[in-house]
Amino acid sequence: MKMSKMYLHTLREVPNDAEIPSHQFLLRAGMIKRLVSGVYGFMPLGYRVIRKIENIVREEMDAKGAQELLMSAVQPSELWKESGRWNDFGPEMFRLKDRNQREFCLGPTHEEVFTDIVRNDVKSYKELPLNIYQIQTKYRDEQRPRFGLMRSREFIMKDAYSFDKDWESLDKTYDDMYDAYTNIFTRCGLNFRAVDADTGAIGGSGSHEFTALSEVGEGVIAYCNHCDFAATTERAECVIEAKCENVELKEINEIHTPNIKSIEELHEFLKVDGEKLLKTLLFKAKDQIVAAIIRGDRELNETKLVNALKIPEHELEFASEEDVKRVTNAEVGFAGPIGIKDVIVIVDDEVPHLKNMIAGANKTDYHIENVNYDRDFKADIVIDLKLMKEGYPCPTCGEGVNLARGIEVGQVFKLGTKYSEAMDAKYMDENMKEKPMVMGCYGIGVSRTMAAIIEQHHDENGIIWPMSVAPYHVIVSIVNVKKEDQVELGEKIYKILQDQKVEVLLDDRAERAGVKFKDSDLIGIPIRIVVGKNAAEGIVEYKQRDCEDKYEFTVEEAINKAIEEIHSSVL
Ligand code: ATP
Ligand code: MG
C-alpha cells in the first residue's frame with residue numbers, strides 16, 4: 001500500500017480521555033475512532049490487525065475440528081426467557097422492541113441461540129460431538145465502559161459452543177479448546193496465564209480464564225511459585241487456619257465508641273489489630289438484607305458472596321441507610337452480629353474459630369467486645385468469603401501465593417447440562433435413550449486482545465507489533481520524495497517485497513522525514529527500510545521496531561534480512 005493514497009490520520013497529541021497506552025496509541029495511530037462512549041469503529045490499519053487476530057483464531061479453532069458459522073446479533077427474548085437469563089443478565093443487556101412491541105436484545109453472548117439451533121437439528125449421538133463458532137460483534141451495556149477496546153459496549157468476540165454426549169467427551173473437547181487458546185495467545189505474542197476461574201452468571205462447573213499479564217488489567221490473578229496453582233482472586237479458595245482454638249471465652253462487654261463508624265477508625269480508637277475485629281457488611285440482595293461478617297483485616301469477595309446466595313451479581317447492592325437503620329436499630333456504622341434482625345447472616349468460615357472479638361453493637365456509638373460465634377450468634381451460611389491476598393497460603397500446597405494484574409482475553413467453560421436441560425436440547429444415545437447434551441462454551445475477546453497486545457508491546461513512541469499481527473510487515477520510507485533516485489529505489493524495493501508476498505507499506509508522502517519516522521514508530525511496523533541520501537549507491541538503512549540498532553545495507557541485504565526476519569517469526 002502506498003501511504004500517499006492511504007486513509008490514515010495520525011495524531012501528535014494524546015487524546016484527553018485516553019488513560020492507558022493501548023487506548024492512546026490506537027487513537028493516535030488512527031487505528032480506531034470513537035463514536036460514543038464504549039463504541040468504536042476500526043480504520044483500515046486497525047482493521048488489518050483485527051483480521052490478523054481473527055485468522056489466527058480461525059486457524060487454531062479449525063485445527064481442532066470446530067466449524068465456523070455466523071448467527072444474527074439480534075435475538076428474540078423468548079429464548080432468554082427459556083434459559084431464565086432474560087432477567088438474570090440485567091442492565092448489561094441492550095434491549096429493544098420491534099414495531100409490534102415484541103422484545104429482542106442485541107446479543108451479549110449466544111448460548112441460547114446456539115442451543116436452539118442445535119436442539120432442532122441434532123437428534124442422534126452419531127452427530128456428536130459438535131463444536132461450532134463464530135466471530136461476531138457483541139453488545140454489552142457495560143456499567144463503566146473504559147480504556148478503549150479493553151472494556152467497550154460493542155466489541156468483537158469469537159464465541160464457540162460445543163455439544164457432547166457425555167462429560168467424558170466434553171472433557172476432551174474442553175482440553176482441545178484449552179490447547180487451541182494456548183496456541184492462539186502464544187501466536188499473538190502475549191505473555192499470559194491460564195487460570196482457574198469463577199463460572200459467574202453463565203453457570204456451569206469448570207472454567208479457565210486466559211489472562212494477559214499487565215499492570216492496567218482489571219483482573220487480579222493469584223499464582224503459586226511452588227506448585228501449579230493459578231486462579232483469579234475471585235475464584236481462589238482461601239484456606240486459612242485460625243490459631244486461637246483453646247482461648248478462654250470472656251464475658252461480653254459493651255464499649256463506648258462515640259462516632260467511630262469505620263473499621264479503620266475503630267482500629268485507631270481501640271488500638272487493636274484488624275485481627276481482633278469483626279466487620280459486618282450489609283447488602284441488599286433482591287428483597288432481602290444480607291449481613292456478611294468477616295475478620296476486620298480481610299477483604300470481602302463479592303463473587304463468593306453472590307455465589308453463596310445463588311443470585312446474579314447485579315442483584316447485589318449495598319444496603320441503604322434506611323435499611324441499615326431498620327435492621328440494626330442504630331445509625332450507620334454500628335452493625336454487628338448480635339441482635340441484628342430480619343437479615344440473612346452469612347459468615348466467613350474463619351469467623352467460627354475466632355475468639356473474643358470486637359464487633360458493632362447494633363446501638364449507636366457502641367461496640368461490643370468478647371463476641372464469640374455459637375455462644376453469642378449463629379449464621380445461616382458459613383462459607384469462605386475472603387478475597388485472596390498476596391502471601392495467603394496456596395490452597396494446593398500451603399506456600400504463600402503471589403498476585404499479578406492481568407487482562408482477561410479469553411475464557412473457557414464447562415457448561416454441562418445447564419442450558420440443554422433448561423432448553424430441552426436432547427439426543428438419542430446408542431440404546432435409544434433420550435439424554436441432555438453436555439455443553440461447553442469458549443470466548444475470546446478479539447478486539448480486547450488487540451489492546452492487550454499493545455499493552456505488552458509498546459514504548460514511549462508507539463506500538464511494537466509482533467510480526468504475527470502487524471498490519472504490515474515492512475515499511476519502506478522515502479526520505480525526500482523530490483529526489484528521483486530515492487523515489488525510484490523506494491518503488492523498486494516496494495515492488496520486490498510485494499512480489500515476495502511481503503505485506504509492505506511505501507511511505508511516499510510529501511512529508512518531512514521526521515514526521516515519517518514518528519508515524520512509522522507510532523503505527524508499529526516491525527521492519528523499516530529507509531531510502532535516503534545513499535540511494536544512488538544502492539545503500540539503505542535497515543531497522544527493526546523492537547531494537548535501537550540501525551544498519552547500512554545494500555538493497556539486496558536489506559530485502560534478504562527482512563524476509564528472513566519475517567520467516568523466522570511466529571506467525
Ligand atoms: P469481563 O469479566 O471482563 O467483563 P466476561 O467474563 O464478562 O468479561 P465473557 O462473557 O467471558 O466476558 O466473554 C468472553 C470474552 O469477551 C472475554 O474473555 C473478554 O476477552 C471479551 N469481553 C467481554 N466483555 C468485553 C467488553 N466489554 N469489551 C471488550 N471485550 C470484552
Ligand atoms: Mg469471562
Residue match in the range 70-93 (condition: loosely packed, with under 14 Cβ neighbours inside 10 Å, of a type in the set (S, T, N, Q) and part of a loop (DSSP other than H, G, I, E, B)): yes
Conditions (1) within 16 Å of ligand 2 (Cβ to nearest atom); (2) among the small types (Gly, Ala, Ser); (3) surrounded by fewer than 24 Cβ atoms within 10 Å (Cβ to Cβ); number of the one not met by Gly445: (3)
Any hit, the range 554-565, residues being touching a helix residue (DSSP H, G or I) at 6+ places or on another chain (Cβ under 7 Å) and part of a strand (DSSP E or B): no
Test: Thr173 is in contact with a Pro (Cβ under 8 Å, 6 or more places away or on another chain), β-branched (Val, Ile, Thr) and in contact (Cβ under 8 Å) with a residue 12 or more places away in the chain: yes
Residue match in the range 283-293 (condition: part of a loop (DSSP other than H, G, I, E, B) and among the β-branched types (Val, Ile, Thr)): no
Ile358 vs. criteria touching a His at 6+ places or on another chain (Cβ under 7 Å) and either at pLDDT 95 or above or part of a strand (DSSP E or B) (or both): yes
Residues that are under 30 Å from Asn370 (Cβ atoms) and either assigned to a strand (DSSP E or B) or aliphatic (A, V, I, L, M) (or both), drawn from the range 223-247: Val239, Ile240, Ala242, Val247
Cβ pairs under 6 Å, 6+ apart, first in the range 96-118 and part of a loop (DSSP other than H, G, I, E, B), second modelled with pLDDT of 95 or more and of a type in the set (Gly, Ala, Ser): Gly107/Ala73
Given (1) under 30 Å from Ile117 (Cβ atoms); (2) surrounded by fewer than 17 Cβ atoms within 10 Å (Cβ to Cβ); (3) among the charged types (D, E, K, R), number of the condition Asp342 does not satisfy: (1)
So Gly490, is it more than 30 Å from Pro21 (Cα to Cα), out of contact with any Phe, Trp or Tyr (no Cβ under 7 Å at 6 or more places or on another chain) and buried (at least 17 other Cβ atoms within 10 Å of the Cβ): yes
Some residue of the range 203-212 being crowded, with 16+ Cβ neighbours inside 10 Å and among the hydroxyl-bearing types (Ser, Thr, Tyr): yes
Pick from the range 398-418, criterion away from ligand 2 (no atom under 14 Å from the Cβ) and hydrophobic (A, V, I, L, M, F, W, C), ranking: nearest to Glu455 (Cα to Cα): Ala404
Failed item in (1) within 16 Å of ligand 1 (Cβ to nearest atom); (2) assigned to a loop (DSSP other than H, G, I, E, B); (3) not basic (Lys, Arg), with Tyr7 passing the rest: (1)
The listed residue being in a loop (DSSP other than H, G, I, E, B), of a type in the set (A, V, I, L, M) and in contact with a Phe, Trp or Tyr (Cβ under 6 Å, 6 or more places away or on another chain), out of Ile311, Ile260: Ile260
Residue check for Glu215: in contact (Cβ under 8 Å) with a residue 60 or more places away in the chain, in a loop (DSSP other than H, G, I, E, B) and more than 16 Å from ligand 2 (Cβ to nearest atom): yes
Any hit, the range 220-228, residues being within 16 Å of ligand 2 (Cβ to nearest atom) and buried (at least 18 other Cβ atoms within 10 Å of the Cβ): yes
Matching entry among Tyr373, Tyr366 (being away from ligand 1 (no atom under 16 Å from the Cβ), touching a helix residue (DSSP H, G or I) at 6+ places or on another chain (Cβ under 6 Å), within 30 Å of Ala330 (Cα to Cα) and of a type outside the set (A, V, I, L, M, F, W, C)): Tyr373
Residue in the range 133-150 that is under 27 Å from Phe94 (Cβ atoms), away from ligand 2 (no atom under 15 Å from the Cβ) and β-branched (Val, Ile, Thr) present: yes
Complete set of residues in the range 515-550 that are free of Cβ contacts under 8 Å to residues at least 12 places away in the same chain, part of a loop (DSSP other than H, G, I, E, B) and not charged (D, E, K, R): Cys547
Top-ranked residue of the range 528-556 - restricted to ones that are under 27 Å from Asn191 (Cβ atoms) and of a type in the set (Lys, Arg), ranked as surrounded by the most Cβ atoms within 10 Å (Cβ to Cβ): Arg528
Top-ranked residue of the range 55-69 - restricted to ones that are in a helix (DSSP H, G or I) and surrounded by fewer than 18 Cβ atoms within 10 Å (Cβ to Cβ), ranked as nearest to ligand 2 (Cβ to nearest atom): Arg58
Lone unmet requirement of (1) buried (at least 16 other Cβ atoms within 10 Å of the Cβ); (2) under 27 Å from Ser22 (Cβ atoms) for Ile559: (2)
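The values are calculated or read from the model by the stated rules, or taken from the named source; none is laboratory data. None of the values given here were measured: they were computed from a predicted structure. Backbone-built Cβ (ideal geometry, glycine too); neighbour counts: all protein chains shown.
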